[in-house]
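First the structure, in the form of structure tokens, and then the observations on it.
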Amino acid sequence: MKIAILDDYQNVALGLADWDSLGAEIEVFTSPIDDADELVRRLAGAEVVVAMRERTRFPAEVLARLVDLKLLVSTGRRNAAIDLAAARQHDIMVCGTGYLSYPTAEHTWALILAAARNLATELPAMAEGGWQTTVGTGLHGKTLGLLGLGRLGSRVAAVGQAFGMDTIAWSQNLTSERAAEHGVTAVSKEELLSRSDVVSIHLVLSDRTRGLIGAAELGAMKPGAMLVNTSRGPIVDETALLAALRSGEIGCAALDVYDTEPLPADHPLRALPNAVLTPHLGYVTREVYEIFYRDAVEDIAAHQAGDPIRVMT
């Protein structure tokens, strides 16, 4: 059996699980494969593919050409980059793994604090001998607006409350009672945008949320407000965001996710002084990776034994 492990950017997969127990030929890919033809060529002969989150797309036309593929393991519980209907059509089983949500909530606060205290400027300035080159912003008494109050949004809310922030939230199905369970006030989307000093996105990407934050929504935010996105890039209209940042319509954006990942080296977001950017690090912790790869090995072994687990198709 040949196994391909995709998008192991840090080259850590083989050290985080007992792959030897599978008795398989394993090939690890540490760089992204963006071209569909190249992906099909490099995966030829692989009966099992392990995909890291949504880093590599598996649309119907790619799955149809992976004639040797029997099992596709996706790290995490869902993967919008895999056409599950096409996988079923071509008798490719798709299985998932466990996941931890708290690292993304932690990273949300890393971004908020980095933006509030201008760390993208101050850290390199310190390395070059500088000292106190900017004036930061405190969070106590400010308003944190959460677009989504599920597992992630509620964790982020709790930290905001510990900082002394007023926490408000909106989502299409959020009730006042549900929000109150977390000490949060449910408001309309319009009120959230107009009141919040920090707007943080914690929604699943879907047809309902794609482009949810566009030019009108950015224009409704407070001047000087911060937009934080650790969910999915396309929830925010990238063109509108670039315009709002360039004009100073909003204060800054703190982003971990993008329309195109990896973010191209010449992408205009990289050149903006009021954009704090990280390379989709929300889930990139040792604890999460250990679960991903341990469960991937379990999925493969169970499939070999004819008793598959964590099936997504």
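What follows draws every value from the coordinates through simple rules; no lab data is involved. Small disclaimer: the values here were computed from a predicted structure and weren't measured. All Cβ positions, even for glycine, are placed from backbone atoms using ideal geometry, and neighbour counts span all protein chains on display.
When you count, for each residue, the other Cβ atoms within 10 Å and take the mean per peptide, how do 172-180, 297-305 rank with the highest first?
Numbers: 172-180: 12.7, 297-305: 18.1.
The peptides rank, most packed first, as 297-305, 172-180.
Any idea what the dipole of the chain comes to, in debye rounded to 20, about its Cα centre with Lys/Arg Cβ at +1 and Asp/Glu Cβ at -1? Numbers along the way, then the final one.
Values: 27 positive and 40 negative charges, 157 e Å.
Dipole about the Cα centre, nearest 20: 760 debye.
Whose amide H sits under 5 Å from the amide H of Ala254, counting only residues 5 or more places off or on another chain, with H placed in the peptide plane?
For Ala254, whose amide H was placed from the backbone, the distant partners under 5 Å are Leu227, Val228, Asn229, Val276.
Taking the simple approach of a point 7 Å from Cα along Cα-to-Cβ for both Ser188 and Ala127, what is their distance in nm?
Modelled inter-label distance: 4.7 nm.
By how many nm would the segment from Arg57 to Ala81 lengthen if fully extended, with 0.36 nm per residue of separation less the alpha-carbon distance? Could you put the intermediate results ahead of the total?
On the way: separation 24, 0.36 × 24 = 8.64 nm, distance 0.47 nm.
Net length gain for the segment: 8.2 nm.
Suppose we keep just the DSSP beta bridges with both residues in the chain; what percent of those would be antiparallel, to 5?
Working: 1 of 39 bridges.
Percent antiparallel among DSSP bridges in the chain is about 5.
Over the chain, with a Gaussian network built from C-alpha contacts below 10 Å, which listed residue (Glu27, Glu128, Glu54) shows the highest mean-square fluctuation?
Most flexible of the set in this elastic network: Glu128.
Compare the Cα positions of Gly219, Ala305, Val257 along the charge dipole of the chain (+1 at Cβ of Lys, Arg; -1 at Cβ of Asp, Glu; about the Cα centre) and return the one farthest towards the positive end.
Going by the charge dipole, the pick is Gly219.
Please label the shape of the stretch 95-156 as rounded, prolate or oblate, based on the square roots a ≥ b ≥ c of the eigenvalues of the alpha-carbon gyration tensor (a/c under 1.5 means rounded; beyond that, a/b larger than b/c means prolate, else oblate). Mind dumping the intermediate values first?
Details: a/c = 4.91, a/b = 1.75, b/c = 2.81.
Because a/c hits 1.5 or more and a/b fails to exceed b/c, the stretch 95-156 counts as oblate.
Which order do the peptides 221-230, 55-64, 110-119 take when ranked by the mean count of other beta-carbon atoms within 10 Å per residue, highest first?
Numbers: 221-230: 21.5, 55-64: 17.6, 110-119: 19.4.
Peptide ranking by packing, descending: 221-230, 110-119, 55-64.
Roughly speaking, what is the stretch gain from Glu106 to Gln161, that is 0.36 nm per residue apart minus the C-alpha to C-alpha distance, in nm to one decimal?
Numbers: separation 55, 0.36 × 55 = 19.80 nm, distance 1.43 nm.
Residue separation times 0.36 nm, minus the Cα-Cα distance, leaves 18.4 nm.
Cα to Cα, under 24 Å, and not fewer than 8 places away if on the same chain: which lysines meet these conditions relative to Lys189?
Lys142, Lys222
Once you sort the root eigenvalues of the Cα gyration tensor of the stretch 71-206 as a ≥ b ≥ c, which label holds: rounded (a/c under 1.5), prolate (a/b larger than b/c) or oblate (the other case)? Display every interim value, and only then the final one.
Details: a/c = 2.84, a/b = 1.42, b/c = 2.00.
The shape class here is oblate.
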